Amino acid sequence: MKFFNALVNSRAMHNFITDVKNGNIGHAYMLITPDKDVVEEFFTIMACAVYCPNGICLKCDECKKILDVNNANVKFIRNDAKQSIGVETVKELTEDSVIRPYEKGRKFYFIPNAEKMTIQAQNKLLKTIEEPSEYVTIVLGASSEGMMLNTVISRVKKLYLDYFDAETIASALHELYPTADTEFAVGFANGQLGRANMIANDLDFKTLYDNAFDMLISLKKSADVAKFVRNPYFARDKIGEMLDVIELIMRDIIALDAGCPELAASLTKMKELDTIRETFSIASATAVNDVIGETRERLRVNCDSETLAERLLFKILEVKYLCR
Ligand SMILES: [Zn+2]
């Protein structure tokens, strides 16, 4: 379990646990989140919530059976994320669902990549959702409601996974990597645990992040622009990430200047931020972010990334001295 504490305390999980406690488990749920990496873990915790006699302990025999995928009543319909789930797979599920569960338990069918179901597969599943066996619950995972048939959507209970706050994500990363510097990933996580974990493990992104701070501090004259423009992080495949990082640094400057340090994301870079703030005002940071917006637009219509980087760096240089 990578994100147990965050997931078990999420609003989405709380809604499901309330159904369990009230003896009111539904026949069909849909977990909605763009964060693919946490779906199976969320489903596993749901099954533990139903079977564990101690309230999701992860240690008892029932929890262990679920963690080892060894509870015959709990089934995962897994697929390669790129492959579709066809009608044959759903036919197996529906045929299996009419067989009575083992030891009077409740049968769960978890489909993490439900949006990969073909239209025919969704229609086939719909019949089971419409007339389910009393002891069956089907749980779908989808990145958005738009990916599923309306007829399916209208018959499931929706669990919207929370967008987690910075503090929750930071402590989840800290639990995973107690000794590593992972704070930088929090600001780019978009509230998603899996995305935060991916960024925290991306050493190249970490280097790019450090590079962006160094560049903003040491960019002082026109000759520096020519040097930084050749930075590999301004190449076509990286410039998007570089723009994200500079934009976040500018937002942090605005937050600090406005007296709202709690809104700053670059918690481990406070010293660097203070140095950058000596030459950046709120107005300059805002002006740079405007240029970043324009740069993204121009990248979309295929302008040369080096030319755009040069324009951005000259703008940074200009506002550094104009606005103070
Ligand atoms: Zn347990």
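Quick one: which helices (runs of 4 or more DSSP H) sit completely within region 1-110 and have at least 3 residues that are of a type in the set (D, E, K, R)?
So the answer is 11-21, 61-67, 87-97.
Name, by its number, the condition in (1) modelled with pLDDT of 95 or more; (2) more than 16 Å from the ligand (Cβ to nearest atom) that does not hold for Phe108.
So Phe108 meets the others, but not (2).
List the pairs whose first member sits in region 101-119 and is in the same structural domain as Ile85 (by TED's automatic domain parsing) and among the acidic types (Asp, Glu), whose second member is surrounded by fewer than 23 Cβ atoms within 10 Å (Cβ to Cβ) and not in a strand (DSSP E or B), and whose Cβ atoms are under 6 Å apart, counting only residues at least 6 apart or on separate chains?
Glu115/Met147
Kindly check whether there is at least one residue in region 168-180 that is more than 30 Å from Asn123 (Cα to Cα), under 18 Å from the mean Cα position of the chain (by Cα), of a type in the set (Phe, Trp, Tyr) and surrounded by 16 or more Cβ atoms within 10 Å (Cβ to Cβ).
Within region 168-180, none of the residues are more than 30 Å from Asn123 (Cα to Cα), under 18 Å from the mean Cα position of the chain (by Cα), of a type in the set (Phe, Trp, Tyr) and surrounded by 16 or more Cβ atoms within 10 Å (Cβ to Cβ).
Looking only at region 50-75, count how many residues are crowded, with 16+ Cβ neighbours inside 10 Å and more than 16 Å from the ligand (Cβ to nearest atom).
1
Please state which one of Ala47, Ala6 is within 16 Å of the ligand (Cβ to nearest atom), small (Gly, Ala, Ser) and either within 22 Å of Ile129 (Cβ to Cβ) or surrounded by 15 or more Cβ atoms within 10 Å (Cβ to Cβ) (or both).
One residue alone meets the criteria, Ala47.
Which condition number in (1) surrounded by fewer than 14 Cβ atoms within 10 Å (Cβ to Cβ); (2) under 18 Å from Asn24 (Cα atoms) is the one that Lys82 fails?
(2)
Can you tell me how many residues within region 108-121 are crowded, with 22+ Cβ neighbours inside 10 Å and farther than 15 Å from Arg78 by Cα?
Total satisfying the criteria: 0.
Only one residue in Asn123, Asn70, Asn15 is among the polar types (S, T, N, Q), touching a Lys or Arg at 6+ places or on another chain (Cβ under 9 Å), more than 14 Å from Val136 (Cα to Cα) and at pLDDT 95 or above. Which one?
Answer to the selection: Asn15.
Is there any pair linking a residue in region 51-71 that is over 21 Å from Tyr109 (Cα atoms) to one that is modelled with pLDDT of 95 or more and more than 6 Å from the ligand (Cβ to nearest atom), with Cβ under 7 Å and at least six apart or on different chains, and which?
Hits for this filter: Cys60/Pro53.
The values are calculated or read from the model by the stated rules, or taken from the named source; none is laboratory data. From a predicted model like this one, the values you see are computed outputs, not experimental measurements. FYI the Cβ positions are ideal-geometry reconstructions off the backbone, even for glycines, and counts take in every protein chain you see.
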